[in-house]
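Student: Can you read through this structure? Questions will come right after.
The values are calculated or read from the model by the stated rules, or taken from the named source; none is laboratory data. It should be emphasised that the depicted structure is a prediction, and the values quoted were computed from it without experimental measurement. All Cβ positions, even for glycine, are placed from backbone atoms using ideal geometry, and neighbour counts span all protein chains on display. Protein only, heavy atoms only, side chains kept; ligands, DNA and RNA dropped before computing areas. Shrake-Rupley method; radii C 1.70, N 1.55, O 1.52, S 1.80 Å.
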Amino acid sequence: MKKIPELSSVAQRAVSPNEIPSPRRVAGVLAALRQRRSDIADVFEFMSLTGVRWGELRAIRVNWLSEVPLAQLNVERSHSDRYEEKAPKSWRGTRPVPLSPRALAIFRAHAAGKQPDDYLFTNQQGGQLSVGVVREFPLGFRRHALRHDAASTWLRLGTPIHEVAEYLGDETRTVLAVYAHVLGEGQRRDHVWRLAAAEEFGRESGHSARPEPRTLTREPSGEPKENYSDQGFSAETEGFEPSVPVRGLHLSRVKRTERRTALARPTLPRNHADYSS
């Protein structure tokens with residue numbers, strides 16, 4: 001079995017929520033760009049749907065598509081500008097990325113009329129796409145943020161973490177570190193909903209939604225005691241059957257009653273068998 005390499009010594013930095021553009025912002029930027037260059041808009045949209053890196057997108061060939069048993073992009077190579085083509089930046093090597101219907105439509109539109117070994121995305125002269133071309137169409141955020149957009153979308157849809165790591169070509173630990181805030185969104189959202197429900201209940205009932213703190217009262221002797229009238233009994237009163245409602249009985253009264261009962265109980269000598277007759 002191939003050994004999984006350790007993470008690099010450089011700590012994986014969690015991506016900030018501000019670094020991930022919202023779906024509405026991405027859609028707005030792509031719609032505006034499509035009015036100028038629809039082919040460049042397709043490039044950026046494909047990146048946001050598949051999470052591929054820029055070098056991987058430049059290297060995509062027409063024959064990287066497989067449609068059995070489902071439509072998938074087989075990422076085999078990477079070719080960043082000013083570097084030689086090489087294996088993708090992933091210890092897994094070639095990896096399959098499932099394609100959504102929209103991503104598949106973009107792939108087929110750009111593959112039409114091309115040979116299997118041709119580049120999928122090309123410039124207007126038919127050559128390999130270069131970074132200089134896409135830089136003429138700034139997005140207002142980094143191109144790499146489109147990869148974050150894809151990953152966060154998958155996680156919010158409930159895709160298992162190990163599957164997201166497979167699609168990105170990263171390790172599971174990297175996904176956990178980089179997208180930690182996305183993974184916790186569900187719990188935070190549930191927390192806000194519970195707060196809102198509590199506040200709504202408080203408004204309808206006329207009471208504060210905040211829990212009332214326990215108060216201390218004073219015994220006749222001056223010793224403080226806690227008011228347990230609204231909290232039921234503690235473990236110390238387990239098994240005691242009071243003759244008054246539980247919620248109206250103080251714990252201190254229970255203890256005094258038990259103490260008086262114990263004092264009133266007759267005490268037998270140690271060898272009480274001798275007195276049984």
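Student: If you place +1 on the Cβ of every Lys and Arg, -1 on the Cβ of every Asp and Glu, and leave all else neutral, what size is the dipole of region 135-176 about its Cα centre, to the nearest 20 Debye? Working shown, then result.
Tutor: Numbers: 6 positive and 6 negative charges, 46 e Å.
Dipole magnitude for region 135-176 comes out near 220 debye.
Student: For region 157-203, which whole percent of the accessible surface, found with a 1.4 angstrom probe, sits on carbon and sulfur atoms? Walk me through the numbers on the way to the answer.
Tutor: Values: 1780 of 2850 Å².
In region 157-203, the share of accessible area belonging to carbon and sulfur is 62 percent.
Student: For region 132-192, state which trypsin sites (Lys or Arg not before Pro) are in a DSSP loop and have at most 15 other beta carbons lying within 10 Å of their beta carbon. It would help to have the intermediate numbers written out before the result.
Tutor: Details: sites: R135, R142, R143, R147, R156, R173, R188, R189; in loops: R135, R142, R143.
Counting only loop positions with at most 15 other Cβ atoms within 10 Å, the trypsin sites (Lys or Arg not before Pro) in region 132-192 are R135, R142.
Student: Calculate the FRET efficiency for A109 and H162 from the Cβ-Cβ distance with a Förster distance of 35 Å, rounded to the nearest 0.05.
Tutor: Working: r = 32 Å, r/R0 = 0.91.
Efficiency for this residue pair is about 0.65.
Student: On the accessible surface of region 63-123, probed at 1.4 Å, how many percent belong to carbon and sulfur atoms? Kindly include the intermediate steps, with their values, before the conclusion.
Tutor: Details: 1800 of 3500 Å².
Percent of accessible area from carbon and sulfur atoms in region 63-123: 52.
Student: Here's another thing I want to ask about it. With label points built 7 Å along Cα→Cβ from the Cα atoms of T172 and E136, find their separation and express it in nm.
Tutor: 4.6
Student: Right, another one. Can you tally the net charge around I106? Count Lys and Arg as +1, Asp and Glu as -1, for every other residue whose Cβ sits under 9 Å from the Cβ of I106. Spell out each step's value before the answer.
Tutor: Numbers: positive: R102, R108; negative: D42, E45.
Here the charged neighbours net out to 0.
Student: Need the full-extension length gain, R203 to Y83, defined as separation in residues times 0.36 nm minus the C-alpha distance. One decimal, nm.
Tutor: 36.8 nm
Student: Which of the peptides 29-37, 58-66 is most tightly packed, and how do the rest follow, going by the mean number of other Cβ atoms within 10 Å of each residue?
Tutor: Details: 29-37: 14.3, 58-66: 19.6.
Descending packing order for the listed peptides: 58-66, 29-37.
Student: Cβ neighbours within 10 Å, averaged per peptide: list 78-84, 96-102, 50-56 in order, most packed at the top.
Tutor: Top to bottom by mean Cβ count within 10 Å: 50-56, 96-102, 78-84.
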